[in-house]
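Undergrad: Here it is, the structure, as structure tokens.
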Amino acid sequence: MSAFDQDWVISQALAGLNISSELTRLRKVHEDVPRKARRDFQELRAETQAVSKALQITRQGFTPEPFTADDLLGSAAVELKELAAEFHRRALAEEAFRVRHGLPRMADAAQNMLSTLIILLLAVVIEGGVNTSFLLNAQLAASPVSAILFSLLVSVTNVFFSAWAGYYIGRWKKYGAHATDADNPEFVAIRRRAHWQFAVCVVVWILLHSTLGLVRAQETLDSVAPSLMGYLSILTTPEALFLVLTGVGMSVLSYHKGMTAFSDPYPNYSNFHDATQSAKEDFQDGYESCITEIEDRHAATRQSLDRSWKEQCKEQGKVGKLHARCLEARRELVRVVDEAESALSTDIARLAETHRAARGDSQPLPEAGLNQLASYQNFLEDSEPPALDVPPNIHDYRTALDEIKASALYELRSLFENLHTTNGGHSS
């Protein structure tokens with residue numbers, strides 16, 4: 001209290017006047033800071049409550065994107081039934097062909113890539129290399145390039161012709177031989193045609209290999225003189241004989257490869273088998289496609305849920321920051337009130353003591369009364385910070401989505417297995 005204030009108080013006391021107006025003035029001087037702190041707290045609390053209320057309304061109105069697979073299961077049931085029926089029909093056709101032709105085994109799968117590589121190995125590397133070495137050794141070719149070209153021409157012609165003969169002729173030689181009606185004119189005609197075609201091929205092989213042997217025995221590429229003595233000279237010329245035997249061996253291997261490598265040895269059996277396998281793969285692919293559609297739809301729904309939830313988490317973060325600021329403002333309000341009360345209490349005590357001394361009153365002032373005059377607790381009334389809402393657990397939504405997905409996949413799997421079993425469970 002300033003000297004002027006003290007003098008004023010003394011003059012008031014000597015005049016017999018009370019100090020209520022001075023007390024009022026002191027309260028107003030010290031209550032400015034608490035009043036401002038309370039106003040700041042109330043404004044921040046109102047803002048926090050408004051943002052929290054808006055978030056609550058958003059959560060109450062939040063409805064996750066529905067995830068259902070009923071339409072997919074319905075379309076899958078129709079599609080899989082058609083594919084299963086086609087698979088069953090193909091499998092029955094293959095079985096009927098097998099029984100019709102008396103085949104005790106299942107069809108062999110073709111190995112086209114490996115077989116082609118083997119044939120190229122026989123034609124280019126083995127027989128072509130042998131032929132080239134013999135021609136160069138006998139100095140029959142004008143140059144190594146000519147020897148290689150001539151040898152490759154002979155070897156490729158031999159190997160590919162033999163493989164062609166095995167595939168288009170050799171496989172038909174026993175067509176229908178094990179059928180219950182093996183004497184059926186259709187079967188007999190096919191086998192008879194295959195036998196005379198094979199005889200023609202044998203003649204071609206004999207001419208090809210004997211001519212090559214004559215070339216080596218007579219050591220000429222220009223012309224050969226077919227005669228009994230010429231053919232006998234092949235037997236007395238080791239290189240010519242070895243050349244012929246090598247070519248015959250390549251013909252036999254290529255012929256056998258042509259019969260077994262590119263298709264089942266029994267004609268048309270692979271067509272039925274491949275059709276069955278294709279229908280089976282379509283059935284399996286249809287099932288896997290339905291699984292993919294369910295998983296894709298589930299993933300899209302899950303992504304939409306996570307995106308919405310992420311936006312709500314951002315708003316929740318804002319509310320959390322405001323709530324933290326509100327708590328800090330509440331603590332600041334309490335601190336400011338305590339400091340104001342302490343300062344006011346000191347000034348009131350000085351004022352009262354000065355007034356009492358000026359009047360010559362020896363009775364001390366009651367502390368309870370002074371403390372009651374120095375209270376700003378009214379600024380702390382209705383100053384509780386807003387409650388912070390706990391957001392719902394997103395795992396509940398995710399669990400619900402996962403349960404629907406698992407149920408749909410289980411129903412789809414049951415449908416697939418039931419159709420597979422109902423249609424004979426073919427696995428050929």
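Undergrad: Taking Y255, is it open to solvent by less than 40 Å² (accessible area, probe 1.4 Å), assigned to a helix (DSSP H, G or I) and of a type in the set (F, W, Y)?
TA: yes
Undergrad: Show the residue pairs that are 6+ apart or on different chains and have beta-carbon atoms under 9 Å apart, the first residue being within the stretch 312-323 and open to solvent by 30 Å² or more (accessible area, probe 1.4 Å), the second being in a helix (DSSP H, G or I).
TA: These pairs meet every condition: C313/I394; E315/V51; E315/A54; E315/L55; E315/T58; Q316/L55; K318/V51; K318/L55.
Undergrad: Okay, next question. Can you tell me which residue within the stretch 361-410, out of those that are farther than 27 Å from Q49 by Cα and β-branched (V, I, T), is modelled with the lowest pLDDT?
TA: For the stretch 361-410, the residue satisfying everything is T399.
Undergrad: For L207, are the conditions met, namely being loosely packed, with under 15 Cβ neighbours inside 10 Å and modelled with pLDDT of 75 or more?
TA: So L207 passes the test.
Undergrad: How about the stretch 239-252: which of its residues are of a type in the set (A, V, I, L, M) and surrounded by fewer than 19 Cβ atoms within 10 Å (Cβ to Cβ)?
TA: Within the stretch 239-252, L241, L245, V248, V252 meet the criteria.
Undergrad: Just one of (1) closer than 30 Å to R35 by Cα; (2) touching a helix residue (DSSP H, G or I) at 6+ places or on another chain (Cβ under 7 Å); (3) modelled with pLDDT of 75 or more trips up E293, so point out which.
TA: With (1) closer than 30 Å to R35 by Cα; (2) touching a helix residue (DSSP H, G or I) at 6+ places or on another chain (Cβ under 7 Å); (3) modelled with pLDDT of 75 or more applied to E293, the lone miss is (1).
The values are calculated or read from the model by the stated rules, or taken from the named source; none is laboratory data. Fair warning: this is a prediction, and the values are worked out from it, not measured in the lab. Virtual Cβ from ideal backbone geometry, glycine too; neighbours counted across all protein chains shown. Side chains included, ligands, DNA and RNA excluded: accessible areas come from the protein's heavy atoms. Shrake-Rupley method; radii C 1.70, N 1.55, O 1.52, S 1.80 Å.
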